[in-house]
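One structure is given below, encoded as structure tokens.
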Amino acid sequence: MNRISHLFGIRYPIIQGGMAWCSGWRLAAAVSQAGGLGLIGAGSMHPETLREHIRKCRQATSLPFGVNVPLMYPEIDKIMQIIVDEQVQIVFTSAGNPKMWTEYLHDHGIKVAHVVSSSRFAAKCEEAGVDAIVAEGFEAGGHNGREETTTLCLIPAVKRICATPLIAAGGIASGEAILAARCLGADGVQIGTRFALTEESSAHFTFKDRCLRLNEGDTILTLKQLAPTRLVKNDFYRDIEAAEQRGATADEIRELLGRGRAKQGIFEGDIYQGELEIGQIASQIKRLQPVAEVMQELVDDYHNALRRMQDETGL
């Protein structure tokens, strides 16, 4: 047990990222059943859809699970009320000011973690009184910080100034990477891409298959005029790139992006014109596996790496 395991009542300090269009109740329940903390991704759900996923997740597992909530969600009041009504015990917030909802959630007995991309915002999390901080490097898929700070640099920077339990995220998909994050000062890890590419993920099979075929350099951080987002390089990305090169305004980029582009790519499987959000680490993942197998590999590889280091150093 460590601080993250104790805080959330889980066996392993491994959290599954609450990813839009990937993190439905099946994925969250499977991760929790395997000893981690599964998160339902509210960012792609209507309020009543979230309620349905919470209830199905509770039927599928008696172990702790949580909900990830982007604070810029347009119906945030309804989402938070459903979380309280359904007695969810853990909420991970992102994309907004942690002071907005932390006190409210605490008043209802809910533990709160907030995702940041810089040590400056980590300090604001501590001021807001969150129970844990997720520090995410820009290797991660989907929406990212403008600082473009890598996980390797971000974790020790946050650890230096914050005493709050720290969760590392971005580019973590193996037991060796978990050990590296722990060595840098993280109490636990949040893993997105590896779980997005599992059998239980709600992403479309065609999206998963495309991501499992990626090579190093096949993703890029783009849409920087709007909100920096790591995408697979496809026809849609090349349209964005061409627009940016000719000096398109933010409004023109927004019009080109349109609505529902991430759903089109991730959930519906349009790998050409869809917005394919995935992390850099996807290039190292080559098999579609069930969550239980992934979790066992993560734990076994962590312990093997730790023993190997101890043997080599004699410590």
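From Leu197, Leu257, grab the single residue that is within 17 Å of Gly17 (Cα to Cα) and touching a residue at least 12 places away in the same chain (Cβ under 8 Å). Full working, then the answer.
Values: Leu257 fails: within 17 Å of Gly17 (Cα to Cα).
It is Leu197.
Within the stretch 208-224, the set of residues being assigned to a loop (DSSP other than H, G, I, E, B), at pLDDT 95 or above and open to solvent by 40 Å² or more (accessible area, probe 1.4 Å) comprises Arg213, Asn215, Glu216, Gly217, Asp218.
Pairs linking a residue in the stretch 209-238 that is free of Cβ contacts under 8 Å to residues at least 40 places away in the same chain to a residue that is in a strand (DSSP E or B) and not hydrophobic (A, V, I, L, M, F, W, C), with Cβ atoms under 6 Å and 6 or more positions apart or on different chains, are Leu223/Thr229. Among (1) in a loop (DSSP other than H, G, I, E, B); (2) within 18 Å of Pro290 (Cβ to Cβ); (3) open to solvent by 10 Å² or more (accessible area, probe 1.4 Å); (4) of a type outside the set (Val, Ile, Thr), there is one condition Arg26 misses while meeting the rest; what is its number? Going through (1) in a loop (DSSP other than H, G, I, E, B); (2) within 18 Å of Pro290 (Cβ to Cβ); (3) open to solvent by 10 Å² or more (accessible area, probe 1.4 Å); (4) of a type outside the set (Val, Ile, Thr) one by one, Arg26 breaks only (1).
Could you tell me whether Ala227 is under 18 Å from Met19 (Cα atoms), modelled with pLDDT under 95 and out of contact with any Gly (no Cβ under 9 Å at 6 or more places or on another chain)? Here the answer is yes, as Ala227 does meet what is asked.
Selection of first residues in the stretch 286-310 that are among the aromatic types (Phe, Trp, Tyr) and of second residues that are modelled with pLDDT of 95 or more, restricted to Cβ pairs under 6 Å at least 6 apart or on distinct chains, gives the following pairs, ordered by first then second residue: Tyr302/Gly175; Tyr302/Ile178; Tyr302/Leu179.
Within the stretch 231-263, the set of residues being outside any helix (DSSP H, G or I), loosely packed, with under 14 Cβ neighbours inside 10 Å and at negative phi comprises Arg246, Thr249, Arg259. The set of residues in the stretch 176-188 that are touching a residue at least 60 places away in the same chain (Cβ under 8 Å), open to solvent by less than 50 Å² (accessible area, probe 1.4 Å) and either among the acidic types (Asp, Glu) or touching a Pro at 6+ places or on another chain (Cβ under 7 Å) (or both) comprises Asp187, Gly188. Tallying residues that are open to solvent by less than 20 Å² (accessible area, probe 1.4 Å), over 17 Å from the mean Cα position of the chain (by Cα) and more than 19 Å from Ser32 (Cβ to Cβ) within the stretch 270-315 yields 2.
Can you name the condition, by its number, that Gly269 falls short on among (1) over 17 Å from Gly141 (Cβ atoms); (2) touching a residue at least 40 places away in the same chain (Cβ under 8 Å); (3) not charged (D, E, K, R)? Failing condition for Gly269: (1).
Selection of the stretch 280-315 for residues being over 28 Å from Thr229 (Cβ atoms), aliphatic (A, V, I, L, M) and part of a helix (DSSP H, G or I) yields Ala292, Val299, Ala305, Leu306, Met309. Taking the stretch 267-279 as the range and being in a loop (DSSP other than H, G, I, E, B), in contact with a helix residue (DSSP H, G or I) (Cβ under 8 Å, 6 or more places away or on another chain) and charged (D, E, K, R) as the test, the residues that pass are Asp270, Glu275. With respect to (1) in contact (Cβ under 8 Å) with a residue 24 or more places away in the chain; (2) part of a helix (DSSP H, G or I), the lone exception for Ile10 is condition (2). If you go through the stretch 63-76 one residue at a time, do you hit one that is open to solvent by 20 Å² or more (accessible area, probe 1.4 Å), closer than 29 Å to Cys162 by Cα, hydroxyl-bearing (Ser, Thr, Tyr) and modelled with pLDDT under 95? Yes - at least one qualifying residue is present in the stretch 63-76.
Here's the yes/no breakdown for (1) in a helix (DSSP H, G or I); (2) under 29 Å from Arg230 (Cβ atoms); (3) of a type in the set (Asp, Glu); (4) open to solvent by 10 Å² or more (accessible area, probe 1.4 Å):
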{"residue": "Ala30", "(1), (2), (3), (4)": "yes, yes, no, yes"}
{"residue": "Cys57", "(1), (2), (3), (4)": "yes, yes, no, no"}
{"residue": "Val88", "(1), (2), (3), (4)": "no, yes, no, no"}
{"residue": "Phe92", "(1), (2), (3), (4)": "no, yes, no, no"}
{"residue": "Glu103", "(1), (2), (3), (4)": "yes, no, yes, yes"}
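Of the residues making up the stretch 144-153, at least one is modelled with pLDDT under 95, surrounded by fewer than 17 Cβ atoms within 10 Å (Cβ to Cβ), basic (Lys, Arg) and part of a loop (DSSP other than H, G, I, E, B).
Do we find that Leu184 is in contact with an Asp or Glu (Cβ under 8 Å, 6 or more places away or on another chain) and within 27 Å of Arg120 (Cβ to Cβ) in this structure? Explain how you work it out, then say what you get.
Details: in contact with an Asp or Glu (Cβ under 8 Å, 6 or more places away or on another chain): no; within 27 Å of Arg120 (Cβ to Cβ): yes.
Answer is no for this residue.
The values are calculated or read from the model by the stated rules, or taken from the named source; none is laboratory data. Quick caveat, the model's predicted, so the values are computed rather than measured. Note that we place each Cβ from the backbone using ideal geometry, even for glycine, and neighbour counts take in every protein chain shown. For accessibility, only protein heavy atoms count, side chains too; no ligands or nucleic acids. Shrake-Rupley method; radii C 1.70, N 1.55, O 1.52, S 1.80 Å.
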